[in-house]
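Inspection log for the structure reproduced underneath, given as structure tokens.
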Amino acid sequence: MNSVKRQKQRKVLLMGKSGAGKTSMRSIVFSNYVAKDVRRLGATIDVEHSNIKFMGNLMLNLWDCGGQDGFVENYLTHQRTHVFGSVAVLIFVFDIESREFAADVINYSNIIRALSECSPNAKVFILIHKMDLVQTRLRDQLFAERADYIRGASEGFKDSVDFFATSIWDQSLYRAWTMIIYHLIPNAASIETLLQQLAEVIDARELILYERTTCLMVTHVTRGMENENPYTDRFERISSILKTHKQSMSKHTGIPAGTANFAEMQIKTGRFMFFITRLTENTNLAASIPPSEQIFNAARINILLARPRFAELDIASRPRAPAEGGQGQPPSAQIGAAEA
Amino acid sequence: MNSSLLTIPARRRRLSDEMEDPDEGLSRFQPAARLTMLRYLQDLHEAETPLDAVPPQYHTGRLPNSKSGDGKPRLLLMGQRRSGKSSISSVVFHKLPPSETLYIEATTRVKKESMHSFMDFQVWDFPGHVDYFDPAFDTENIFEEIGALIWVIDAQDEYIDAIMRLHKTILNLQQHYPAINVEVFVHKVDGLSDDFRQDTFRDIIQRVQDDLSDAGFENAPVSFYQTSIYDHSIFEAFSKVIQKLIPQLPTLEALLNSLCLSCRIEKAYLFDVLSKIYIATDTSPTDIGNYELCSDYIDVIVDVSEIYGWDRPEGEAGEEEYGESGNQDAESLITMEKKGNNYLYLREINKSVFQRPESASMADPKQSRYLALICLMGEDSSAEKKALIDYNVGVFQEALKQVFPR
């Protein structure tokens, strides 16, 4: 019973140099902030905890750790076991504009060392942040250089660490967080199998399951031609579009952003039909289907009928096989593993 | 020399060759100021006029001062230098992010922007420091066919001079072109506190009207708007300016009113999707919040359509079996979770009718010109009645086709 309990609470550490943008990104992804509003945020003192309910049985326990040297010193000494014990994911944020990159990396190695001591099975994600401040043509090269250097300092996590270039001003932030969340979901494989079946039944071109408050994608299923969709970043873009829409809704109707959820959204055109509807308590399902009224109506009914089965998945928590992962891969690559 | 300059653009090249000689001749005898003036005059013709591959497909009627009746309505942007004219035109017509307008350089020559959308119109952006009523200028050429003069006043700056110039301009226009609408944009109001903004706005209106009544024009066609490029107010103001140039406006409003009444719609807008300017709305009071909501909604639709509306190769497997290929005009609906909350309804109108012909650049699918009807549904209008609403909107669409025959 105890293991089930712990499975639900996943501890996520958010660390990095002071002013790197940790709290800003947390506010945007989880608290409905608009990118330009984050300048109002003050410095984080010590650790700010937040619990985020995700996909019913997954509870994120996010530790936003203030990055000033005094606090970091404290984490590494007095609170070492308290902070670094039983961590599922460490997200370390580097500021691309930082002038003392070498010092940042030394800090990072200290933290990595503490992490490998207290929770060796944790997964490390590195976000190289504020990429918007770099000229477009230099971005890839600079990112690769920094990533190589940081990987060199990653010790025990050398082979498993993942890198993302992010910025709060575009959808790259959503891409990174989607990957992180995907890693944390305990029953992703079974959700995917079910989603795949649903997609076959309703003849959908694409199904995207996403969390409703954060608009982060949980997983998606793509069939047939849609794999050739030239917009490969469409999932992040849809996250970003929906988030913006939500903010605009709450701004102009006076409903608080947390509850400004639509029950359903339909878009019908001559080329495709698209609708978003609620699937489970915390998730919405976006479906892109061929342009036909019959298929559209049938799909809506079928999704309605499939709801209880997904709700079941929400509650039944099956521990995820530890070996399963390959976290860098796109989720669709894992459908085969579902039978295991 | 003015007469030779008035030649049509097709002859421009030959014209500029001919220009060599008189130009040299002038430089020998004329003072420097005269030369600058000459350059502006040339610019008026040399200014980039975007190539118009598609002739205007229809026009919304005779323009106030148009001789032929088929020219594009022309909007003139004027005002003191650094009042924000170029910023306005970049934000509204080029979708430039407002924060980027800081880097716009001073306008030194007349810039002409052409807008292809539901209504074709041209915007001329004028440098702020030139006096257009100098006799050397061909005022007739400038003001002859314009629909509206937009005068931009920087609300954060000293505006006495601007009002003086505006006054002079209005008086001049009143004598020769009394039908031109003068629209005053009290601009950059975002930087003022609410109280101060109202005071400034009232003060400007008061001064302009006092000056005009002193000069004997009691009811000059001058309207005032508070605008800022950092919110939607500039689009709203442009919408109202454009609406005045649409002779069918009362008909459109009456149609929208009856649609609202029969479907219990709270507010209905007829949007031009491309420019996000609304060309008509029902006559109930407007609220900037509603406009912003609709405008953001259009963004969502356009973005999603871009992602999933990509060109699929012909003959996609299984595609042929759907005999009915859906409605050509996109439609969309958003219902809110909480009971009693409004929901949104969108229907693209006459998309297929106003699609650009093949010859025009099809690279950007968004370039097609069309209108969208966006309705904010009232509280007691349930989503189950969608079929009825669809039917009523269909009737509305038919009526619209009669208002705007091709």
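The values are calculated or read from the model by the stated rules, or taken from the named source; none is laboratory data. Predicted model, so just to flag it, every value in this text is computed and none were measured. Cβ placement follows ideal geometry from the backbone for every residue including glycine, while neighbour counts extend to all protein chains displayed. We work out accessible area using only protein heavy atoms, side chains counted, and drop any ligands, DNA or RNA first. Shrake-Rupley method; radii C 1.70, N 1.55, O 1.52, S 1.80 Å.
First select every other residue whose beta carbon is under 10 angstrom from the beta carbon of A:ASN284; then total the charges, Lys and Arg +1, Asp and Glu -1.
That works out to 0.
What is the sum of charges around B:THR227, taking Lys and Arg as +1, Asp and Glu as -1, for the other residues whose C-beta is under 13 Å from the C-beta of B:THR227?
With Lys, Arg at +1 and Asp, Glu at -1, the neighbours total -1.
Starting from the alpha-carbon convex hull of chain A, give the projected area averaged over all orientations, in nm².
18.1
Ignoring everything but the protein chains, give the 1.4 Å probe accessible area of A:TRP169 in square angstrom, nearest 10.
140
Roughly how much accessible area, to the nearest 100 Å², goes out of reach of solvent when B and A pair up, both sides summed, probe 1.4 Å?
Buried area (both sides, nearest 100 Å²): 3800 Å².
What distance in nm separates the simple spin-label points at A:LYS36 and A:ALA311, each placed 7 Å from Cα in the Cβ direction?
4.2
What shape does segment A:2-184 take by its C-alpha gyration tensor, where a ≥ b ≥ c are the square roots of the eigenvalues and a/c under 1.5 counts as rounded, a/b above b/c as prolate, and the rest as oblate?
rounded
For segment B:388-394, just list the computed ³J(HN,Hα) in residue order, Karplus coefficients 6.51, -1.76 and 1.60, θ = phi - 60°, integers in Hz, with x standing in for Gly and Pro.
My calculation for segment B:388-394 gives 4, 5, 3, 4, 4, 5, x Hz in order.
With angles folded into 0 to 90 degrees, how steeply does helix A:136-152 sit against the dominant principal axis of chain A? Use alpha carbons for both and round to 10.
It is inclined by approximately 60 degrees.
If I ignore ligands, DNA and RNA and count only protein heavy atoms, how much of A:THR213 is accessible to a 1.4 Å probe, in Å² to the nearest 10?
Approximately 60 Å² for this residue.
Can you run phi through the Karplus equation (6.51, -1.76, 1.60; θ = phi - 60°) for segment A:24-36 and list ³J(HN,Hα) in whole Hz, with x for Gly and Pro?
Per-residue couplings from phi come out as 4, 5, 4, 5, 6, 6, 9, 10, 6, 7, 8, 3, 6 Hz.
So, with +1 on the Cβ of K and R and -1 on the Cβ of D and E, and no other charges, what is the size of the charge dipole of chain A about its Cα centre, to the nearest 20 debye?
With Lys and Arg at +1 and Asp and Glu at -1, about 720 debye.
Which net charge results when you count Lys and Arg as +1 and Asp and Glu as -1 among the other residues whose beta-carbon is under 11 Å from that of A:THR222?
Cβ neighbours under 11 Å give a net charge of 0.
Given H placed on each backbone N at 1.01 Å, which residues far from A:ILE168 in sequence or on other chains put an amide H within less than 5 Å of it?
A:LYS130
Work out the FRET efficiency for B:GLU218 and B:LYS385 from their Cβ-Cβ distance, taking R0 = 51 Å, and round it to the nearest 0.05.
Approximately 0.55, to the nearest 0.05.
Quick check: the angle from helix A:188-202's long axis to the longest principal axis of chain A, C-alpha only, nearest 10 degrees?
20
With the Cα gyration tensor of segment A:122-188 giving a ≥ b ≥ c as the square roots of its eigenvalues, does the rule (a/c under 1.5 for rounded; else a/b larger than b/c for prolate; else oblate) give rounded, prolate or oblate?
oblate
Whole number in Å², please: accessible area per residue of segment A:22-90, 1.4 Å probe, ligands, DNA and RNA not counted.
Per residue, segment A:22-90 has 45 Å² of solvent-accessible surface.
When the helix-only estimate is applied to chain A (DSSP H runs of n ≥ 4, each -39,500 (n - 2.57), divided by the residue count), what is the mean residue ellipticity at 222 nm, nearest 500 deg cm²/dmol?
One gets -12500 deg cm²/dmol as the mean residue ellipticity at 222 nm.
Comparing the chain by itself with all protein chains present, which residues of segment B:289-303 are at least 50 Å² less accessible (probe 1.4 Å)?
Residues losing area: B:LEU293, B:VAL300.
About its Cα centre, what dipole magnitude does segment A:63-146 give when the only charges are +1 on Lys and Arg Cβ and -1 on Asp and Glu Cβ, stated in debye to the nearest 20?
220
Quick one: compute the contact order of chain A, relative version, from alpha carbon pairs under 8 angstrom and 6+ residues apart, as a percent.
With pairs under 8 Å counted, the relative contact order is 17 percent.
Report the label-to-label distance for A:GLU228 and A:SER109 in nanometres (one decimal), using points 7 Å from each Cα along the Cα→Cβ vector.
5.0
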